[in-house]
Amino acid sequence: MDATPSAKVEVTVRDWAEGARTVREAFAALGLTLPACLPGEPEDCGHGDARDHYASYLGALQGHVESLIEASFAGDSDALDEVYRARARHRAIMDDVLG
Ligand SMILES: [Zn+2]
């Protein structure tokens, strides 16, 4: 298996759209509804392409998750330590996957 950065798979417009929809589903699983506003969708907002939406959704999801962490574990240093350990483990895994 080639794990060099050059082994990265090129992301297509369809992939960006699928990624954006997947993040939107993550929001839905958390009880928040985002409009179907990607280019070509019923509520097309006209604000950027699928990649822009994917980036925006990921940023919004990151912010939402950070808010959940703060709201859920403020002052609970043991829980926050676990959050940060889990984040570090995940980042290490993703670094290996992405190269
Ligand atoms: Zn939109």
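FYI, it's all coordinate maths here, none of it is from the lab. Being a predicted model, the structure only gives us computed values, none of them experimental. Every residue, glycine among them, receives a Cβ derived from its backbone with ideal geometry; neighbour counts consider all protein chains shown.
Numbers for the structure displayed
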| quantity | calculated |
| --- | --- |
| Dipole in debye (nearest 20) - the chain, about Cα centre, beta carbon charges: Lys, Arg +1; Asp, Glu -1 | 120 debye |
| Signed unit charges on C-beta, dipole axis of the chain, positive-most listed residue Ala36, Val11, Tyr84 | Val11 |
| Cβ-derived FRET efficiency at R0 22 Å, Asp81 paired with Asp15, nearest 0.05 | 0.05 |
| In the chain, trypsin sites (Lys or Arg not before Pro) in a DSSP loop with at most 11 other beta-carbon atoms within 10 Å | Lys8 |
| Spin-label zone in the range 62-88 - amide nitrogen under 17 Å from a point set 7 Å from the Cα of Leu32 along the C-beta vector | 62-73 |
| Phi to ³J(HN,Hα) by Karplus 6.51 cos²θ - 1.76 cosθ + 1.60 over the range 63-70, Hz, x for Gly, Pro | x, 5, 5, 4, 5, 4, 4, 5 |
| Convex hull per residue volume in Å³, alpha carbons only, for the range 5-98 | 105 Å³ |
| Convex hull volume per residue for the range 46-99, taking Cα atoms only, in Å³ | 72 Å³ |
| Distance between modelled label sites at Ser56 and Met94, nm, 7 Å Cα→Cβ extension | 2.1 nm |
| Longest DSSP-loop-exposure-free segment, GluC sites (Glu not before Pro), the chain, at most 14 other Cβ within 10 Å | 44-99 |
